[in-house]
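Here is the structure we will look at.
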Amino acid sequence: MRPGDPLNRQMIQTQSPSSRMPVRADQLLTARGVSKHFGKTRALVDAALTLRPGEVVGLLGANGAGKSTLSRIISGHIQPTEGKLSFDGAPLVLSSVRDALRQGIALVAQETSLAPDLTVLENIFLPDLATPGRLSFRAMRARANDLLSGLGHEHVLPLEAEVRTLSAAQRQLVEIAKALALDARLMIFDEPTASLSATEVDRLFDIMDRLRVGDHALAFVSHRLEEVFSITDRVTILREGRVVAEDVATSGLTQNDIIQHMVGRDIGAIYSKRKGAPENFGAPVFEVRNLQAAPWVRDISFSVRAGEILGLGGLVGAGRSEAMEAIWSLRPRQAGEILVRGAPIRIRKPADAVRAGIGFVAEDRRAQNIVPDLSVRENLLLAQMGQHRGFLRGYGRRAEKVANLIADLGLPADRLDASLLSYSGGMQQKIIIARWLLTEPDILILDEPTKGVDIGTRSSIYRILQDAADAGLAVIVISSDFEELLGLAERIVVISDGVSIADLPAARLTEEKLTLLAAPRSSTRRNQALLTDLVKAHGGDAFWTLLDGDETICLAQTGGGLSGLTPGQVAIAGETRIPQAIRARADRFVAEADGRRTLLTQMTDRRGHDLGWIGLTLVANANLPEAADIRTRVQNLTRMEN
């Protein structure tokens with residue numbers, strides 16, 4: 001997120017919940033002296049946590065700090081080696097997850113615990129399926145629709161779909177809905193936003209705000225520090241299994257304070273400036289034209305040049321991950337062309353993609369990237385087997401490159417024969433990325449590359465990708481974190497409802513603009529309908545656009561094109577046919593040199609965020625409608641959307 005953006009809440013302490021809500025004195029849960037040993041590994045050492053009704057407490061730390069271990073102890077998934085828990089003033093001893101649920105304690109896990117063969121509806125009410133008595137599926141359906149509507153995803157998550165058919169991000173939404181259905185008194189959200197965009201995070205935070213007002217106690221685990229400042233009242237920070245800051249008011253901290261507590265040092269700027277300039281990038285090395293893979297991918301096109309980092313942005317269910325899986329033949333394609341260095345290629349199986357010089361880090365680290373029965377070394381060298389056609393594995397030829405890469409990534413060279421699952425999530429992700437860099441690809445595709453990793457690891461991954469791009473690699477990054485896309489990519493292709501709708505330089509975008517561009521067309525149907533109605537009533541050209549200084553990005557347009565705006569395109573006022581109206585933004589029709597006239601009316605949401613401008617352009621001799629009437633229609637539309 002750029003300084004000064006309307007959505008930037010990282011360092012605005014006046015917006016912290018701690019400054020706007022009184023702190024409750026009574027404690028719902030306390031954990032004291034909690035330790036957990038896994039063999040010789042000490043995951044927690046004398047940890048502590050306090051959770052109060054009406055508060056959101058951030059549980060923070062780098063990967064491997066012990067956050068998830070402490071969360072799982074509190075929610076009954078595992079038992080502590082030492083320590084005491086109390087809940088509502090009484091000692092708390094949990095032998096199972098069901099014990100925790102009976103007490104009113106629920107966990108939204110980072111690694112989803114859903115039943116893949118059951119439907120979305122059945123998974124949302126999974127704990128109820130084991131209870132005696134008859135269940136009302138009609139009531140369950142109504143409740144599930146309410147929950148998904150609150151999350152803004154009733155149209156993306158069909159209740160009858162089997163969970164195995166969903167993406168990792170969609171499964172995370174089901175996990176959140178399942179926890180909300182329990183209405184537990186204490187809820188732990190473990191990285192719930194890892195695959196969600198800014199809009200989806202806002203919806204989740206609205207729900208968390210309602211739970212807080214309803215006297216629920218909430219713990220929130222996140223590596224996104226802007227979210228910590230936005231939603232938490234207090235934070236407890238762990239480092240290497242020990243508490244280094246306990247129950248500290250968020251309003252008294254800065255971002256740098258939290259980072260130094262988490263990693264023990266200042267890591268500097270997260271996003272560093274690229275060495276290579278866009279004008280020095282090579283010709284397109286990878287192109288996708290009119291890709292179709294029903295039902296998620298309808299018409300997606302993009303290209304990336306040698307040395308360029310391209311971002312693919314969109315909301316959950318937009319079709320980004322499904323498009324990459326279709327390219328790799330992990331799901332069937334109905335249409336589309338794939339070109340490498342200008343030549344069409346046929347990818348019928350993943351090995352064809354590897355041999356064409358394409359690497360792919362899939363979104364779901366545990367299910368799609370890791371072979372748990374293999375060691376770190378074997379996982380690291382796994383991808384090169386797709387390039388190797390001989391009987392032997394050819395590991396020896398890679399020994400020097402492996403050694404250099406291990407040193408560069410900070411991987412422990414003496415633990416290469418250990419299980420990859422014994423490493424933290426951040427270290428696992430670096431090993432998976434290193435696996436593909438060892439194949440020396442021409443194109444590297446990464447789907448949510450920093451999902452569930454701490455800020456220090458994120459900084460390291462960004463440096464790895466930028467160095468690789470500087471060396472000539474074409475990099476494609478899919479991310480729900482719009483701040484990440486803006487900080488990392490030179491160019492961003494926006495995907496909505498399975499269609500690529502915009503291809504813009506990152507320097508011309510903000511999180512707010514990306515959010516509006518990425519909005520599903522189905523969720524903006526009222527805006528589209530208003531444009532159609534305006535043209536039917538008055539003729540001319542109606543449009544919905546974003547305005548930033550002298551710059552405009554058109555989101556939708558209906559009519560004869562009098563404005564000169566094209567959906568998905570960015571333009572300077574002077575490049576359009578309505579420069580005077582864009583610059584004036586008056587509450588009346590503004591005339592251009594050729595006589596055509598335009599009225600612009602702004603839309604905002606209940607938080608004051610800019611939702612763009614509705615415009616109507618008419619020819620010179622047209623009868624002008626009352627500007628006040630059109631403004632009233634736009635304002636009524638905004639109230640309906642909010």
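The values are calculated or read from the model by the stated rules, or taken from the named source; none is laboratory data. Predicted, not measured: the structure shown is a model, and the values here were computed from it. Here the Cβ is made from the backbone with ideal geometry for all residues, glycine too, and neighbour counts use every protein chain on show. Please note that ligands, DNA and RNA were not included when accessible areas were found on the heavy atoms of the full protein model with its side chains. Shrake-Rupley method; radii C 1.70, N 1.55, O 1.52, S 1.80 Å.
Over the Cα atoms of the range 520-641, what radius of gyration and what Dmax do you get, in Å?
Here Rg and the maximum Cα pair distance are 13.1, 39 Å.
How many nm is it between the label spots at D247 and S95, if each spot is 7 Å from the Cα in line with the beta carbon?
Placing both labels 7 Å beyond Cα along the Cβ direction yields 3.1 nm.
When the chain is fully extended, how far beyond the present Cα-Cα distance does A403 get from A294, taking 0.36 nm per residue of separation?
Stretched out fully, the A403 to A294 stretch lengthens by 35.0 nm.
For the range 582-642, state which GluC sites (Glu not before Pro) are in a DSSP loop and have at most 15 other beta carbons lying within 10 Å of their beta carbon.
Passing sites in the range 582-642 are E626.
So what's Rg/Rh here for the chain, counting alpha carbon atoms and using the Kirkwood radius for Rh?
Ratio value, two decimals: 0.98.
Report Rg/Rh for the range 278-516, rounded to two decimals, where Rg is the Cα radius of gyration and Rh the Kirkwood radius.
0.95
So what is the calculated 222 nm ellipticity per residue for the chain, using -39500 (n - 2.57) for each DSSP H run with n of 4 or more, over all residues, to the nearest 500 deg cm²/dmol?
So the calculated ellipticity at 222 nm is -9000 deg cm²/dmol.
Given R₀ = 30 Å, FRET efficiency for L421-S86 by Cβ-Cβ distance, to 0.05?
FRET efficiency, L421 to S86: 0.40.
If you take the beta carbon distance between E378 and R346 as r and set R0 to 35 Å, what does 1/(1 + (r/R0)^6) give as a FRET efficiency, to the nearest 0.05?
0.75
In Å², what does the accessible area per residue of the range 66-112 work out to with a 1.4 Å probe?
48
Solvent-accessible area per residue for the range 278-516 at a 1.4 Å probe radius, Å²?
Here the residues of the range 278-516 average 37 Å² of exposed surface.
Would any residue of the range 537-579 have its amide N under 15 Å from a label point 7 Å out along Cα→Cβ of A622? List them or say none.
537-544, 557-565, 577-579
So what is the relative contact order for the chain, in percent, with contacts set as C-alpha pairs under 8 Å and at least six apart?
13
Quick one: of the DSSP bridges fully inside the chain, what percent are antiparallel, nearest 5?
About 65 percent, rounded to the nearest 5.
Enumerate by residue number the trypsin sites (Lys or Arg not before Pro) in the range 58-149 meeting two conditions: DSSP loop (anything except H, G, I, E, B), and at most 10 other Cβ atoms within 10 Å of the site's Cβ.
Here the trypsin sites (Lys or Arg not before Pro) that fit, given the DSSP loop and packing criteria, are R134.
Based on the alpha-carbon set only, what is the convex hull volume of the range 117-182 divided per residue, in Å³?
Normalising the Cα hull of the range 117-182 by residue number yields 78 Å³.
Within the accessible area of the chain, what % is carbon and sulfur when the probe is 1.4 Å and the other protein chains stay in place?
49
Counting other Cβ atoms within 10 Å of each Cβ, which GluC sites (Glu not before Pro) in the range 149-227 have at most 13 and sit in a DSSP loop?
E160
Taking the Cβ-Cβ separation of A367 and N256 as r and a Förster radius of 45 Å, what is the calculated FRET efficiency to the nearest 0.05?
0.80
Could you work out how far apart the two model spin labels at L135 and D442 are, taking each label as a point 7 Å from the Cα in the direction of the beta carbon, and quote it in nm?
5.1
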